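Following: one structure in structure tokens, then a few remarks.
FYI, it's all coordinate maths here, none of it is from the lab. Owing to the predicted nature of the structure, the values given are computational and were not obtained by experimental measurement. Positions of Cβ are backbone-derived with ideal geometry, glycine not excepted, and every protein chain shown enters the neighbour counts.
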Amino acid sequence: MDGKQSASVVTGIVTEAAERLEREAGIRPGLAVIIVGDDPASHAYVGAKGRMAKQCGFNSMQYTLPEATTQDQLESLVAKLNADPAVHGILVQLPLPRHLNSEPVIQMILPEKDVDGLNVVNAGKLAAGDLESGLISCTPAGAMILVKNIHGKDLSGLNAVVIGRSNLFGKPMGLLLLAANATVTMAHSRTKDLASICRQADILVAAVGRPLMVKADWLKPGATVIDVGINRVDAPEKGEGKTRLVGDVDFEACADVAGAITPVPGGVGPMTIAMLMANTVVAAYRSLG
Ligand code: GUN
């Protein structure tokens, strides 16, 4: 499954919607991304988000704060962005440095600007079955588009297994699959006999952060496999000190058994960024009232 192609369909629609909003209402969608510290992977993701925001015609604002930023300083910045009418979406890149507490920061983002869908108002709407009026976490929303490209809108009768139960991905992914009528199993690090549970899955979604954990003999033949893991591992075959990105799924081995499978990179990642743009343009339209 080519996430880049599906993502470009989404960003094409977003770009047109942004042009129209600016033409007709004089509003340019504004996305503010906050990053604290100098984790190289996080900087790479944030850079990609900013570039795509510009490509979609948005006003892209990046706030790069030093590692030594205090909780108060971070919360003051979020308060300022909450109050700024030119900012329609606010994203605080996670994880934050260990001395900072992400939860109060996330919860103070106004729900209407919470383009990550992590605020309890947005998470609660999804849990209550309201998929329309809030904002949904970008990675599960993007993964769901890939699932629906294969299976259609109605997943009745299909078994879905999600490995991972994070607020950012596993929980909302399970809820979206459930809303589409799949029979959903939530597996996680304490689950026993994970392989045999996975073998029941018509749709298997892996988001655990363990490189190449899902093996070919964990799959039901023909299953749709969505790999949300992004792990950097040593790649001595590329030369000394070199690394490469791999997912939570052993792609090479699983590709022969799966009916459809997302690669890493180029699968779910581009969809996450595309859905962030979609959430931002939606937030900008809603700001019209
Ligand atoms: N870190 C990794 N993925 C994400 C994401 O989707 N949103 C935020 N805020 N941080 C992340």
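A few notes on this one:
- Scanning the stretch 1-40 for residues that are of a type in the set (Gly, Ala, Ser), more than 18 Å from residue 271 (Cβ to Cβ) and assigned to a helix (DSSP H, G or I) gives 18, 25.
- Residue ID - nearest to the ligand (Cβ to nearest atom), chosen from residues in the stretch 113-153 that are among the acidic types (Asp, Glu) and part of a loop (DSSP other than H, G, I, E, B): 116
- Residue in the stretch 72-91 that is in contact (Cβ under 8 Å) with a residue 24 or more places away in the chain and within 30 Å of residue 261 (Cα to Cα) present: yes
- Residue within the stretch 214-221 that is of a type in the set (A, V, I, L, M), more than 22 Å from residue 6 (Cβ to Cβ) and within 16 Å of the ligand (Cβ to nearest atom) present: no
- Per-region count, the stretch 231-289, residues surrounded by fewer than 15 Cβ atoms within 10 Å (Cβ to Cβ) and either more than 25 Å from residue 194 (Cα to Cα) or among the basic types (Lys, Arg) (or both): 15
- Within the stretch 190-224, being acidic (Asp, Glu) and either surrounded by 14 or more Cβ atoms within 10 Å (Cβ to Cβ) or touching a strand residue (DSSP E or B) at 6+ places or on another chain (Cβ under 9 Å) (or both) holds for one residue alone: 202.
- Residue 177 meets the conditions (1) within 30 Å of residue 102 (Cα to Cα); (2) touching a residue at least 24 places away in the same chain (Cβ under 8 Å); (3) in contact with a helix residue (DSSP H, G or I) (Cβ under 6 Å, 6 or more places away or on another chain) in every case but one. The failed one is (3).
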